[in-house]
Amino acid sequence: MAERLARAIVRLAALVAPHGWRHDFAREWEAELVQRFRPDPPAAPPGPVDAAVLVYRSLLSLIDAAHLRAKEMTVDSMWRDLKFAVRALARRPPFAVLVLAAMGLGIGANSAVFTVVNAVLLQPLPYPEPDELVMVWEQDRVRGWERVPGNAEDYLAWRSEATSVQALAGVVNANLSLTGDGAPERIQGARVTGDFFDVFGVAPLHGVPFGRDSNVVGQDQKVVLSHALWTRRFGADPELVGRAVQIDGSPFEVVAVMPEGFQFPSAAQLWTPVVFSDAQLQDRNWHFILTVGRLADGNGLDEARAEFKTIASRLAQEFPESNADFGIDVMPLHGEMTQSVRSMLWVLLGAVGFVLLIACANVANLLLVRASGRMRELSLRTALGAGKARLVRQLFTESVLLAGTGAVVGLGLANLALDALLSITPLTVPGGGVIGIDAWVLLATAGAALGTGLLFGLAPAVAVWKTDLQSTLKEGRGQAGGAGRRMRSALVVAEIALALVLVTGAGLMVQSVDRMLNVDVGMDTDDVLVAQFALPPAAYPTPDLQVLFYDQLLDRAEVIPGVEAAALATVIPPAGGGQFHVRVEGVHEAWTMDLPVARARAVSQNYFDAMGIPILRGRAFEESDGPDAPMVIVVDQAFVDQHFPGEDPIGRQIRTLPDPPREIVGVVGHVA
C-alpha cells in the first residue's frame, strides 16, 4: 500500500516537472524508492516506520519537481524567450511593421483620449481638500431648469445662515478692458466676494488677496492677477504688487498674484471685488451670481443639501412672488466644472476602445496565420523536449513584445494627436491644470499593452495547445488543423461585429453633424464679421456719452469700403439673449409666473440687413423710432405662431417687465 502511494506521488510530481524531463525524472525517483524499500540483498521485511519514510521521501519529489519548474522559469529562460522572439520577428519585417502599425494606432488613440479623460475627469481639482468644494444652484421648477444662478439677496441669506459650509463665495463673470502699458486688451475676469480666496484655500504667489471689507464702494478698486496674465502681460514683475493697472478706464491696485494653475471660473484671468448695486439687491428675479463654497468639517453633501433646502423653504415663505417656484441644490464643484464634456469624453474613450479591440482581432488573425505556418517548427521543438506550456509561453512572449513596442509607437502618435486635438477643441482642465502625458497615462498605456498582448496572443496559443504536434510532425503537415481555422473564423465575425458598431456610430455622428451644419438658423452668416466690446464706465459714465460713442462707431463703420451694413446688438445669435416673461395685451390679464417666456435682444436700426434676416411682414426699425417716439418691437415668426396663430400681429401690443407696452411693427424669420 505504501509503495503504491509513493509511486502515485512521484507520477504527480513528474507532471509538475518540465515536459522534457518528466520521463527521466519519474524513472530516477521510482528507482530510488524501490532501492530504499526493497534493498538488495533483502533485509528484514519493511515495517510501518519504513513505509512512513518511503511516503515522506516520495513527497520530496514534489519539491524537486517544483525546483526544476522554477529553474526553467528563471530570468535567463525568459531572456532567451525574448531574444528568440526578437529574432523571429526580425526575420519577417513586413509582418512586424504591419502589427506595430495596427497596435500603434490602436494604443495611440486610446492613450491620447485617456490623457484628456485623466486630466479633465479623473484627476482631482488642484486645490486643498478638493472634495469639500461645492457649487450651490437654484432650480426653476416652472421652466424645468436645474442650474440657475442665485440672486444677491438669496446669496447673502445663504452666507449668513448656512453652517454646513465654512466659506461661501459669490462669483460674477465679467468682460473687462485692460489698458495702460501695452495695447488695450479684452480680459475675461470675475467680480467676486471677499470669501472667494478662502473657499479655494490657495495661498497667493505674491501679496495678499482682498477680503470682505473690499466689497463696498470706495474699497473695491483692487485686483488679483492670475499667474498667466502676470507673466504674459507684465513680464512676471515681482514689484507689480502695490502698483495700479487700468481696468475699464479706472485704476485698480494689484494686491496679489495667484500661483500657476489657479483658475476659476475656467477662463478668468483676474479677480476684482464685487459690489452689489441697489437694483441688484432689490430685484430678487435678477439671477446672476455663481455660488461656490467649502464644506465645514464634519459635514457632507447630504447635510449641506438639507440645510440649504431649509433656508430656501424659509425664503419661499417670506418672498413667495420671487422664491416660491425655486428649489435649491448643492453639487460637487468638480462635477459641475466637467459636466458639459463628461459624456462626450466617455463616449469618445469607448469609441477608441472599440478601435483597439478591432486592432487586437486583426493582429490575432495575423498571429494565427503565422502560427499555422510554424507548426512544423513547433513540432520539431516538441520532439526535442519542449512542452506545450513552453511553446505557449514563447508565443505569449512574442505577442507581448509586439504590444509593448506598439505602445511605444502609440505614445509618440498620442503626443502628436493630443496637440492636434487640443488645437481644434477648446478643452480646459478644471482649475487651470495642463493636459499632458503623465505617470498615470504611462501606467495605463503599459497596462493596455500587457492586456492587449495577452488578448491577441491567446488565439495562437489556444490553437497550438489544441493541435497534436507529434502527429503533425509524423504526417509532415505544416499547417494548423481545425482549431486554428475555427479561431480565425470567430475572430473575423468579431471584427465585423465591432466594425459594424463603429460604422453605425460614426454614421449617426456624421448625420448629426450634417444636420447641425445645414440647420436653417434664419440668417445669412456669409461675410458677416462680429466684434465684441464693452465701454468702460469711467470713460462713458452717462447714457448720452454711450449713445454718442455708438453713433460715431456706426457712422465710421458704414463708410469702410466693402461694408454694406453695420449694426449693434446686445447678443449675437445663436447665443440667445435675456429671457423675459411676456404679457400679450388682451390675452393675459395679469402678471404671473405662468406667463410665457421669450428671449429678447436690443438691436440697432440696420441689424436685420447686416445679419441677413428677412422681413416677412411689416417693417424693421427706422431712424424715427427714437427715444421720444412710441416704443415698438419686432418679433420673429415662431413668436407669432405661438401667440397669434392665424392672426395678423402687426399693431398688437406686448409687454415685458419693467418696460411699458410695445407695438409690434414687424415680423422676421425665425432665428435659432
| The lone exception for LYS222 - which of (1) open to solvent by less than 30 Å² (accessible area, probe 1.4 Å); (2) touching a Pro at 6+ places or on another chain (Cβ under 8 Å) it fails | (1)
| Filtered residues of the stretch 251-291 (kept if under 17 Å from PHE200 (Cα atoms) and touching a Leu at 6+ places or on another chain (Cβ under 6 Å)) | VAL257, PRO259, GLN269, LEU270
| task | Please work out if ASP524 is out of contact with any strand residue (DSSP E or B) (no Cβ under 9 Å at 6 or more places or on another chain), in a loop (DSSP other than H, G, I, E, B) and open to solvent by less than 90 Å² (accessible area, probe 1.4 Å). | result | yes
| request: Kindly indicate which of GLN552, GLN532, GLN546 is modelled with pLDDT of 80 or more, in contact with a strand residue (DSSP E or B) (Cβ under 8 Å, 6 or more places away or on another chain), open to solvent by 50 Å² or more (accessible area, probe 1.4 Å) and not β-branched (Val, Ile, Thr). | output: GLN532
| query | With VAL341, VAL292, VAL330, VAL363 as the choices, which residue is of a type outside the set (Lys, Arg), under 30 Å from THR452 (Cα atoms) and under 25 Å from the mean Cα position of the chain (by Cα)? | reply | VAL341
| task | Look at ASN175 and say whether it is surrounded by fewer than 22 Cβ atoms within 10 Å (Cβ to Cβ) and either over 32 Å from the mean Cα position of the chain (by Cα) or free of Cβ contacts under 8 Å to residues at least 40 places away in the same chain (or both). | result | no
| Has the stretch 331-351 got any residue that is assigned to a helix (DSSP H, G or I), at pLDDT below 80 and of a type in the set (Lys, Arg)? | no
| said: Looking for something closer than 25 Å to VAL216 by Cα and open to solvent by 30 Å² or more (accessible area, probe 1.4 Å) - is there at least one such residue anywhere in the stretch 294-309? | reply: no
| query | Of everything in the stretch 625-645 that's open to solvent by 80 Å² or more (accessible area, probe 1.4 Å) and at pLDDT 85 or above, which residue is nearest to ALA569 (Cα to Cα)? | reply | PRO630
| Going by the conditions given, is VAL86 farther than 30 Å from PRO273 by Cβ, open to solvent by 10 Å² or more (accessible area, probe 1.4 Å) and modelled with pLDDT of 85 or more? | no
| The lone exception for THR291 - which of (1) in contact with a strand residue (DSSP E or B) (Cβ under 8 Å, 6 or more places away or on another chain); (2) under 27 Å from PHE580 (Cα atoms); (3) open to solvent by 50 Å² or more (accessible area, probe 1.4 Å); (4) polar (S, T, N, Q) it fails | (3)
| field | Tally, over the stretch 126-165, of residues that are crowded, with 22+ Cβ neighbours inside 10 Å and assigned to a loop (DSSP other than H, G, I, E, B) | value | 1
| request: Quick one: which residue in GLY211, GLY207, GLY182 is open to solvent by 10 Å² or more (accessible area, probe 1.4 Å), free of Cβ contacts under 8 Å to residues at least 24 places away in the same chain and closer than 30 Å to ASP237 by Cβ? | output: GLY211
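The values are calculated or read from the model by the stated rules, or taken from the named source; none is laboratory data. Values in this document were obtained by computation on a predicted structure and should not be read as measured data. Note that each Cβ is placed from the backbone with ideal geometry, even for glycine, and that neighbours are counted across all protein chains shown. SASA here: full protein model, heavy atoms, side chains in, ligands and nucleic acids out. Shrake-Rupley method; radii C 1.70, N 1.55, O 1.52, S 1.80 Å.
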